[in-house]
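Peer 1: Here it is, the structure, as structure tokens.
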Amino acid sequence: MEIKKNNAKKILKEVFGYDSFRPLQEEIISSVLEGKDTLAIMPTGGGKSVCYQIPALMFPGITVVISPLISLMQDQVTGLLENGIEAAFLNSSLDWDSYKETVDRIKRGEIKLVYTSPETLSTQRMQSILHDVKCGISLITIDEAHCISSWGHDFRPDYLEILSVRRQFPQAVCLALTATATNQVRSDIALQLGMKTPSVFIASFNRKNIYLEVRPKRNGLNQIIEFLSERKDESGIIYCLSRKETDSIAEALAHKGFSVLSYHAGLSDKVRAQNQELFIKDKVHIIVATVAFGMGINKPNVRFVINYTIPKSIEEYYQEIGRAGRDGLPADALLLYSAGDIHKIRFFFEESPSKEKDEILLRKMLDFATSRGCRRRALLSYFGEKFDSDAQSEEEKECCCDICARGPVAGSDVTIQAQKFISCIYRVQERFGTGYITDILLGSRLKRIIENRHDKLSTFGIGKELSKEEWYSIAESLCDEGYIEKYGDYNILKVLPKGRTALTERREIKLPVLVHKERVLNDVKPAAKKTNVALKEKFLLTLDDKSKELYEKIREWRKTTADEQNVPPYVIFGDKTLEELVEKKPKNQAELRWVFGIGEVKAEKIGSQVLRIISDYL
């Protein structure tokens, strides 16, 4: 096994140009090479693709990669071919001649990685092709594996057909990969794929390079414009709930001079594909999109993600913000939320076959958005990971989230409001959650409140001085400070000893919220922090004038070369590689291979041209 590990490291350096594995990559690869079914949970940008690409080059047979979107397959194959790896995809985008030629090469064993969708995989034609492969199928990889679970945030019924295909190739190792999966989803993935005793690897969900920020939506468009004005020429995605909202924001931003296009199901296939391609190739900086956009995007230099509407679940939120900063460089995630958006989301739930489950997931997302504690700690806690924000240095806190960057907030005296809330929990016998308690305090005449005769309680209608959003803020702070707690799938509220004592002894209660004139904590001025404003400009500040000139020359050459090959600039090499080229200034092929992201094949392809540019500079 030690020989295999050394071979894997050699491939990592020579083919991909990386000096070392990222966390858990080596362990996952070892498990696959040992022939064990493997389930790996790794964050977006954590290097999932290497976990099957290296074994694919070491196994004698073919590796089949099941991927949900055509754009993702094409992007992966383009990158592999650039690194000298024989890969291909089979999907509807191929014309008949190309399809037939690809099939012939697959059958002859000339292709090492074959990408296909779950829909294509389940067809008789595809299964016939795989059974006819001369060298056999060594590895079946399921990307975005959470799609196989009905508890996942993006369930796709076609994924359920994978098991029947798996059974046709019992000798093939199975590797399932996803960026988000709770305990329940992980168990479901293993069950649906027929994994009996899989090796399970769970990487940290902590994307340290992404700064987390949440703001109540006051004037959403102006908030977006203010945010973008500090990030000129940076690449980013803005997620909206509806097509109408998407088009409206895209048009408004274009009118303000931003490089922007929209993406949603209401556009034709041709326009969607065109807009996505322009974004991927850095010819358009910003995409305003519905949630339909992003799963197939492997673009590493997305510097920010804005959620204009609160996502329906933490899994969805984590997936979307994970599309920022895949290159490991600093990125921003801004979430705007409002009570109106929450009502819109719940309206869609009315037609959902899993309404109760959807409500549970949304409720947890709201808990995250309204929490007064460290956002990173709350996010990681959802996935079962502990994070000690108190142990961070001041610099780390500044780059963590808006709450940590803002620092400790003095507590406001909310004794009366807190007493009302705790008292109401008692009066409903600790059998309901925050939303129900809030509705009672606001005097809502919802059907179930009337049926439960809770409109007769002494606490009914006594909290109209605050908005629903502000009562949620009070509730979250009471939880954070240990006065009450949530339990069970429905987040039922229970009063803790600290809360009972505070209520019976009428103790003063101070919480980090502001209720004067109906204003909550998040309405204060956004936390100051060192933004990643125009990372290119930030890097250029570290260079002398001559090095700046070299940076621009290599960058311009990369763009020209990418246009000539009709590929995104990052396929030639990423921003991190660009920076290292300027910093290290390699003088020959040997030195060039020590630059991040440049393997032997890439060095042979582009090395002489890059070295010539550097030589002219020197």
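The values are calculated or read from the model by the stated rules, or taken from the named source; none is laboratory data. Computed from a predicted structure; not experimentally measured. Don't worry about glycine lacking a Cβ; one is built from the backbone with ideal geometry, like all the others, and counts go over all protein chains shown. Just the protein is used for accessible areas: all its heavy atoms, side chains included, with ligands, DNA and RNA removed. Shrake-Rupley method; radii C 1.70, N 1.55, O 1.52, S 1.80 Å.
Peer 1: How far is helix 2-11 tilted, in degrees, relative to the longest principal axis of the Cα atoms in the chain, given as a value from 0 to 90 rounded to the nearest 10?
Peer 2: Taking the Cα atoms of the chain, the angle to 2-11 is about 80 degrees.
Peer 1: Taking the Cα centre of the chain as the origin, how large is its charge dipole in debye, to the nearest 20, when only Lys and Arg (+1) and Asp and Glu (-1) carry charge on their Cβ atoms? Mind showing how you got there, number by number?
Peer 2: On the way: 90 positive and 87 negative charges, 210 e Å.
The calculation lands at about 1000 debye.
Peer 1: Any chance you could look up the accessible area of Val77 with a 1.4 Å probe, heavy atoms only, rounded to 10 Å²?
Peer 2: 10 Å²
Peer 1: Starting from the amide H of Ile492, placed 1.01 Å from N in the peptide plane, find each other amide H under 5 Å away whose residue is 5 or more places distant or on another chain.
Peer 2: Amide H neighbours of Ile492: Tyr487.
Peer 1: Follow-up. Once the Cα atoms of the range 393-472 are picked out, what are the Rg and Dmax in Å?
Peer 2: 16.9, 53
Peer 1: Over all distinct Cα pairs, what is the inverse of the mean 1/r for the range 99-224, reported as the Kirkwood hydrodynamic radius in Å? Let's see the in-between values first.
Peer 2: Details: mean 1/r = 0.0583 Å⁻¹.
After inverting the pairwise mean of 1/r, the radius is 17.1 Å.
Peer 1: Sticking with this structure for a sec: In sequence order, what are the phi-derived ³J(HN,Hα) couplings for the range 73-88 according to the Karplus relation 6.51 cos²θ - 1.76 cosθ + 1.60 with θ = phi - 60°, rounded to whole Hz, with x for glycine and proline?
Peer 2: So the Karplus estimates, Gly and Pro as x, are 4, 4, 5, 5, 5, 4, x, 5, 4, 4, 8, x, 9, 6, 9, 7 Hz.
Peer 1: Which value in deg cm²/dmol, rounded to the nearest 500, describes the helix-derived mean residue ellipticity at 222 nm for the chain, given -39,500 (n - 2.57) per DSSP H run of n ≥ 4 and division by the residue count?
Peer 2: Details: 29 runs with 280 residues, N = 618.
One gets -13000 deg cm²/dmol as the mean residue ellipticity at 222 nm.
Peer 1: Can you compute 3J(HN,Hα) from phi for each residue in the range 435-450, using the Karplus curve 6.51 cos²θ - 1.76 cosθ + 1.60 with θ = phi - 60°, rounded to whole Hz and x for Gly and Pro?
Peer 2: Each residue of the range 435-450 in turn: x, 5, 4, 4, 4, 5, 4, 8, x, 5, 9, 4, 4, 6, 5, 5 Hz.
Peer 1: Could you work out the relative contact order of the range 63-159, using alpha carbon pairs under 8 angstrom and six or more residues apart, expressed as a whole percent? Could the numbers behind the result be given before it?
Peer 2: Values: 127 pairs, mean separation 34.8, N = 97.
Reported relative contact order: 36 percent.
Peer 1: Going from most exposed to least, what order do Arg346, Arg612 have by accessible area with a 1.4 Å probe?
Peer 2: Working: Arg346 60, Arg612 135 Å².
The ranking, largest first, comes out as Arg612, Arg346.
Peer 1: Mind ranking Ile11, Ile41 by accessible surface for me, highest first, 1.4 Å probe?
Peer 2: Ile11, Ile41
Peer 1: Past the 28 Å Cα-Cα mark, which pairs from Lys5/Lys196; Lys10/Lys584; Lys281/Lys344; Lys36/Lys100; Lys312/Lys456?
Peer 2: Over 28 Å apart, Cα to Cα: Lys281/Lys344; Lys36/Lys100; Lys312/Lys456.
Peer 1: Turning to a different aspect of this structure: Order 123-135, 326-338 from most to least packed using the mean count of other Cβ atoms within 10 Å. Could the numbers behind the result be given before it?
Peer 2: Values: 123-135: 13.8, 326-338: 21.9.
By packing density, highest mean first, the sequence is 326-338, 123-135.
Peer 1: Continuing with the same structure: For the range 201-250, would you read off the P(r) tail past 18 Å as a percentage of all alpha carbon pairs? Don't skip to the answer; put the middle values down first.
Peer 2: Working: 585 of 1225 pairs.
I get 48 percent for the Cα pairs in the range 201-250 exceeding 18 Å.
Peer 1: Rounding to the nearest 10 and keeping the result within 0 to 90°, find how far the Cα-based axis of helix 545-565 lies from the longest principal axis of the chain.
Peer 2: So the inclination is approximately 70 degrees.
Peer 1: Next question, about the same structure. With every protein chain present, what accessible area does Arg555 have (1.4 Å probe, heavy atoms only), rounded to the nearest 10 Å²?
Peer 2: 90 Å²
Peer 1: Beyond 20 Å, what share of the Cα-Cα pairs of the range 163-234 remains, rounded to the nearest whole percent?
Peer 2: Counting pairs separated by more than 20 Å, the tail of P(r) holds 58 percent.
Peer 1: I'd like to know how the chain sits against the 2.2 N^0.38 Å rule of thumb: what's its Cα Rg over that expected value?
Peer 2: Numbers: Rg = 26.4 Å, N = 618, 2.2 N^0.38 = 25.3 Å.
For the chain, the normalised Cα radius of gyration is 1.04.
Peer 1: Taking H as built 1.01 Å from N, whose amide H comes closer than 5 Å to the amide H of Ser338, not counting residues under 5 places away?
Peer 2: Under 5 Å from the amide H of Ser338 lie the amide H atoms of Lys217, Ile310, each far enough along the sequence or on another chain.
Peer 1: Projecting each Cα onto the charge dipole of the chain (Lys/Arg +1, Asp/Glu -1 at the beta carbon, about the Cα centre), which of Ala40, Ile137, Tyr617 comes out farthest on the positive side?
Peer 2: Of Ala40, Ile137, Tyr617, it is Ala40.
Peer 1: What ³J(HN,Hα) values, in whole Hz, does the Karplus curve 6.51 cos²θ - 1.76 cosθ + 1.60 give for the range 316-325 when θ = phi - 60°, with x put for Gly and Pro?
Peer 2: 4, 4, 5, 4, 5, 5, x, 7, 9, x
Peer 1: Would you compute the Debye intensity of the range 276-396 from its alpha-carbon atoms alone, equal scatterers and no solvent, and pass along log10 I(q)/I(0) at q = 0.18, 0.23 Å⁻¹ to two decimals?
Peer 2: -1.09, -1.40
Peer 1: Taking just the C-alpha trace of the range 546-618, give me its Rg and Dmax in Å.
Peer 2: 11.0, 30
Peer 1: What is the set of long-range amide H partners of Ser412 at a cut-off below 5 Å, with H atoms built 1.01 Å from backbone N?
Peer 2: Leu511, Val513
Peer 1: So, one more: Are there chymotrypsin sites (Phe, Trp or Tyr not before Pro) in the range 83-177 that DSSP marks as loop and that have at most 14 other Cβ atoms within 10 Å, and which are they? The partial results should precede the final answer.
Peer 2: On the way: sites: Phe89, Trp96, Tyr99, Tyr115, Trp151, Phe155, Tyr159; in loops: Trp151, Phe155.
Passing both the DSSP loop test and the Cβ count: no residue.
Peer 1: Could you tell me how many degrees, from 0 to 90 and to the nearest 10, lie between the Cα long axis of helix 600-617 and the main elongation axis, the longest principal axis, of the Cα atoms of the chain?
Peer 2: 90 degrees
Peer 1: Something else about it: Taking loop as defined by DSSP and a crowding limit of 15 other beta carbons within 10 Å, which GluC sites (Glu not before Pro) in the range 421-503 fit? Can you show the working numbers first?
Peer 2: Numbers: sites: Glu430, Glu451, Glu465, Glu469, Glu470, Glu476, Glu481, Glu485; in loops: Glu430, Glu465, Glu481.
Of the GluC sites (Glu not before Pro), the ones in loops of the range 421-503 whose Cβ has at most 15 other Cβ atoms within 10 Å are Glu430, Glu465.
Peer 1: Once ligands and nucleic acids are excluded and a 1.4 Å probe is used, how much of Ser93 is accessible, expressed in Å² to the nearest 10?
Peer 2: 60 Å²
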